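Structure, as structure tokens:
No lab work stands behind these numbers, since they all come straight from the coordinates. Note that this is a predicted model, so its numbers are computed, not measured. Note that we place each Cβ from the backbone using ideal geometry, even for glycine, and neighbour counts take in every protein chain shown.
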Amino acid sequence: MTMIRQRPPGSAPVVQGPAETLPLVDGAVDAALAILTMHHWTHPDRGLAEMVRIARRRVVILTWDQQVFEDFWLVGEYFPCIRDLDRGRALAIANITSVLAKSEIVSIPIPHDCHDGFLGAFWQRPEAYLDPRVRSGISAFAAISPEERDEGLGRLAADIRSGAWAERHCNLLDLDELDLGYRLIVAASCGDA
């Protein structure tokens with residue numbers, strides 16, 4: 001709802017509905033877009049089928065490759081509970097592309113100064129994860145227990161204070177971008193297949 005309220009006056013109408021039963025007729029839109037959302041869908045296969053059904057030209061999905069993402073220091077060292085959670089809810093790229101026609105997969109490296117609030121955005125700025133405002137926009141933190149969250153944050157804060165994080169990850173500090181496994185999948189709809 002927050003994003004809907006932020007839209008400027010005169011924007012296109014908002015249509016709300018579950019991914020698995022979009023309230024639109026076949027071919028109603030030029031493109032269907034899903035950004036880091038499929039892991040929240042009850043039935044991702046049905047949601048994908050709905051995207052294909054309503055899109056005349058393109059289906060575009062931003063998701064992540066779980067195998068690559070598991071190497072991210074945040075989940076590997078401080079929040080293995082997020083890694084375990086995502087193992088159960090992330091869709092394999094191959095499963096997504098098997099539903100779509102003519103798929104192209106593009107790696108999306110994350111810039112060191114990314115300001116968007118998704119989980120991998122602050123890979124070079126670990127102190128950002130200590131900020132509750134930052135965490136409030138990251139669904140993975142809402143999905144783990146307060147005990148798991150506090151334990152991981154406590155270890156991260158201690159490692160930042162002691163310099164252990166910077167020592168372990170000094171190789172990241174000079175990078176302009178990092179591949180954390182985020183992938184853009186662009187597919188022709190059935191009409192373009």
(request) Determine one quarter of the surface area of the Cα convex hull of the range 49-91, which equals its mean projected area, and express it in nm² to one decimal. (result) 3.7 nm²
(message) Expected output is a single nm value to one decimal: the length gained when fully extending between SER136 and ARG161, i.e. 0.36 nm times separation in residues minus the C-alpha distance. What is it?
(response) 6.7 nm
(request) Within 10 Å of each residue's Cβ, count the other Cβ atoms and sort ILE96, ILE160, ILE185 from fewest upward. (result) ILE160, ILE185, ILE96
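Stretched out fully, how many nm does the piece from ALA31 to LEU184 gain, at 0.36 nm a residue minus the Cα gap? Kindly include the intermediate steps, with their values, before the conclusion.
Numbers: separation 153, 0.36 × 153 = 55.08 nm, distance 1.41 nm.
Going from the current span to full extension adds 53.7 nm.
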(request) Provide the percentage of antiparallel DSSP beta bridges, counting only those with both residues in the chain; round to the nearest 5. (result) 70 percent
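With viscosity set to 0.890 mPa s and temperature to 25 °C, compute the Stokes-Einstein D of the range 6-55, Rh being the Kirkwood radius across alpha carbon pairs; µm²/s, no decimals. It would help to have the intermediate numbers written out before the result.
Numbers: Rh = 11.8 Å.
Once the numbers are plugged in, D ends up at 208 µm²/s.
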(request) Return the whole-Å distance between the Cα centroid of the range 103-154 and the Cα centroid of the range 1-35. (result) 25 Å
(message) Ranking request for peptides 125-135, 5-15: highest mean number of other beta-carbon atoms within 10 Å first, then the rest in descending order.
(response) 125-135, 5-15
(request) Please compute P(r) over all alpha-carbon pairs of the range 1-113, binned at 5 Å starting from zero, and give each bin as a whole-number percent. (result) 2, 9, 17, 20, 18, 15, 11, 5, 2, 0
